Every structure is written in structure tokens, then in C-alpha cells.
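A.B. asks: Sharing a structure below in C-alpha cells format, with a few things to ask.
The values are calculated or read from the model by the stated rules, or taken from the named source; none is laboratory data. None of the values given here were measured: they were computed from a predicted structure. Neighbour counts run over all protein chains shown; Cβ positions are idealised from the backbone, glycine included. We work out accessible area using only protein heavy atoms, side chains counted, and drop any ligands, DNA or RNA first. Shrake-Rupley method; radii C 1.70, N 1.55, O 1.52, S 1.80 Å.
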Amino acid sequence: MTSPLPLITTLPRQRLASVRFILTDVDDTLTWESQLPLAAYQALAQLQQVGIAVIPVTGGCAGWADMIARLWPVKGVICEGGGCYLYKNERGQLRYDYWQAESLMRQRQQQLLQQVQAVLADYPPLRLAQDQHYRLTDVAIDYAQDQHPPQPKLANALLRRLQQLQLTAKASSIHINVSQGGYDKWRMSERVLQQHFGLSQAAMAEQVLYVGDAPNDEPMFARFPLSVGVANIQSHLATLAARPGWLTGQPGGYGFAELATWLVSQQDQTA
């Protein structure tokens, strides 16, 4: 039987006082039921106002991340499971930082797409995500975003098949993401925190908090001592080798807002 996780209200105040960065998943962590709750957007703005940099880390497409990086109160966006980091430079111009050379990653993406489509035909009604045209490095298969009803069992079968073919494939709460290998959410996050913000490994452990909801967040839960799962992660806990340290009481973006409110209140008390 899986032991329950402690709620965020048990997070030590001294640990929260050192948090300067929040890295967060997007689907079903910042969003809920296919919407971005007002409370979640307000939480992002509140965190920005108190000097805490938020960086979404998502399997979502680069086209979507472009909009988020331009318009949301965030420091940048890691998208496509770590394939690319989008951020504004000192002049406010948006920049794309790929894991490898863009030309190399685009070429490899086309090879992945051919491999996935050859297998996908055996798993109807699963299909490529509708945002595939806006992806630059990976391939996404929709099993719960625009699939009604969702197809989790079929997705698990396809995921095993892709992994048997030695493809790097992971499941989020809505997609199976097939990437090029050599990177994941953690590896790109580490690079961004080191190269763009000058953080050492020790500083990351003290200053970064991660929030997620799904199995593809495991690399982040394993690496960041300060990690939080929103309430809807509970359905996955039994299968996770690396679990978050704490849990919100509410799901998705409402849980993120709950965390932000608690974090800011505790930092205020230690100021």
C-alpha cells in the first residue's frame, strides 16, 4: 500500500524562505479540466511580484510555449519535454535555445515521426496530437486531450510498444511524447539553471521548487529535494519510483495557486 504524502502545510518555513525559482509542469498542474484557472494565473503574477521566477517545464509544443513565454508572467518556458527553452533576452526579444543544433533536431524529428506513424496505425483511435504541426523536436500522441473518451489502457499498450522499439517515450496526463533521447525535463532544467541563472547543484537544491502531476515528472521529483505534487497526482503514486515530497489539497491549477499562497505567506513571516 502506498504511504500518503504530507501536505504542503508541513513544508519547513526555513526551506521555503530560500525558494527563488519554481519549475512547474503545465497540463493538469497549472491547468485543470482544459482551462487555466484565474487563480493559477493570479498566482503566477503574485510570484513574479515577490521576485520568485516561474519557469514552466512542459511536454507542450513550441508553438504554445512561444505564446506563454511572450504573454504570461514567467521567466521562460522549457517545452517539448526538454527539447527547447524559450526566453526573452535583455531587450525583450524572444530567443529559442535548443538542446542540440536546430537543424539536427528537426531532421531527427522527421525520422521519429515516420517511426511513430508506422506503429500508430495499429492502435486506433489513437492519433497524433493536433498540435503536432507546431512541434519542433518531438512527436506527441493524443490519448486524453481531444480523445473522448480517454484511452489510458490503449496508451499504455502503445507506450510499451514504443519503448520495445528503443524509442524514448513517456506519458503525460494527456499525451505520449516521443523524444530524441539524451535529454529530458531534468537535463534541460539543469542546463537552463546553470547557464542562464548561474546556479550550482547546491543552489538548485536550496532555491528551486518543482511542481508536477504525472509520471513524466519523475526525473524532476528525483532531482529536486523540494518537490510538490498537485492533488490529482495521487492516482499515479503507486507506480512512481520517485515521488514528490509534498502534496497540495486541491488539484491542478487550484493546487498550484494553493502552493503559491502558502509559499508567499511563509516567506513573508520569515522576512
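A.B. asks: Inside region 73-102, can you point out the residues that are closer than 25 Å to A171 by Cβ and either free of Cβ contacts under 8 Å to residues at least 40 places away in the same chain or open to solvent by 10 Å² or more (accessible area, probe 1.4 Å) (or both)?
C.D. replies: V74, V77, C79, G81, L86, Y98, W99, Q100
A.B. asks: So, L23, is that one outside any helix (DSSP H, G or I), in contact (Cβ under 8 Å) with a residue 24 or more places away in the chain and surrounded by 19 or more Cβ atoms within 10 Å (Cβ to Cβ) or not?
C.D. replies: So L23 passes the test.
A.B. asks: Among the residues of region 170-201, write down those that are without any contact (Cβ under 8 Å) to a residue 60 or more places away in the chain, under 15 Å from the mean Cα position of the chain (by Cα) and surrounded by fewer than 21 Cβ atoms within 10 Å (Cβ to Cβ).
C.D. replies: E190
A.B. asks: So, Q107, is that one in contact with a strand residue (DSSP E or B) (Cβ under 9 Å, 6 or more places away or on another chain) and open to solvent by 10 Å² or more (accessible area, probe 1.4 Å) or not?
C.D. replies: The answer is no for Q107.
A.B. asks: Let me ask another. Being within 17 Å of W262 (Cβ to Cβ) and buried (at least 22 other Cβ atoms within 10 Å of the Cβ) narrows it down to one residue among V54, V50; which is it?
C.D. replies: V54
A.B. asks: Cβ-Cβ distance below 7 Å, separation of 6 or more or different chains: which pairs start in region 236-247 with a residue that is farther than 25 Å from P12 by Cβ and end on one that is at pLDDT below 90 and surrounded by fewer than 19 Cβ atoms within 10 Å (Cβ to Cβ)?
C.D. replies: H236/P215; A238/T2; T239/P215
A.B. asks: Kindly list the number of the only condition in (1) touching a strand residue (DSSP E or B) at 6+ places or on another chain (Cβ under 8 Å); (2) open to solvent by less than 30 Å² (accessible area, probe 1.4 Å); (3) closer than 17 Å to Q166 by Cα that fails for V119.
C.D. replies: (1)
A.B. asks: Now for a different question. For the structure I just gave you, tell me whether P225 is within 24 Å of E206 (Cβ to Cβ), without any contact (Cβ under 8 Å) to a residue 60 or more places away in the chain and under 17 Å from the mean Cα position of the chain (by Cα).
C.D. replies: yes
A.B. asks: I want to confirm something. Restricting to region 257-270 and keeping residues that are within 15 Å of L11 (Cα to Cα) and open to solvent by less than 50 Å² (accessible area, probe 1.4 Å), which single residue is modelled with the lowest pLDDT?
C.D. replies: The residue in question is Q267.
A.B. asks: Working only within region 26-39, note down all residues that are crowded, with 16+ Cβ neighbours inside 10 Å and either at positive phi or more than 16 Å from the chain's Cα centre (by Cα) (or both).
C.D. replies: D28, P37, A39, listed by residue number.
A.B. asks: Something else about it: Taking the residues in region 222-242 that are out of contact with any His (no Cβ under 9 Å at 6 or more places or on another chain) and surrounded by 21 or more Cβ atoms within 10 Å (Cβ to Cβ) as candidates, determine which candidate is nearest to N177 (Cα to Cα).
C.D. replies: So the residue we want is I233.
A.B. asks: While we're on this one: Could we say that D217 is in contact with a Pro (Cβ under 9 Å, 6 or more places away or on another chain) and modelled with pLDDT under 95 here? It would help to see each step written out before you state the result.
C.D. replies: Numbers: in contact with a Pro (Cβ under 9 Å, 6 or more places away or on another chain): yes; modelled with pLDDT under 95: yes.
For D217, the condition - in contact with a Pro (Cβ under 9 Å, 6 or more places away or on another chain) and modelled with pLDDT under 95 - is met.
Conditions (1) free of Cβ contacts under 8 Å to residues at least 12 places away in the same chain; (2) under 21 Å from T239 (Cβ atoms); (3) in contact with a His (Cβ under 7 Å, 6 or more places away or on another chain), marked per residue:
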| site | (1), (2), (3) |
| --- | --- |
| G59 | no, yes, yes |
| A65 | no, no, no |
| L71 | yes, no, no |
| M105 | no, no, no |
| R108 | no, no, no |
| Q111 | yes, no, no |
| L128 | no, no, no |
| D138 | no, no, no |
| N156 | no, yes, no |
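A.B. asks: How about region 155-233: which helices (runs of 4 or more DSSP H) wholly inside it have at least 1 residues that are within 15 Å of L5 (Cβ to Cβ) and charged (D, E, K, R)? Lay out the reasoning, then the answer.
C.D. replies: On the way: elements: 185-195, 201-207, 218-223.
Filter on region 155-233 gives 218-223.
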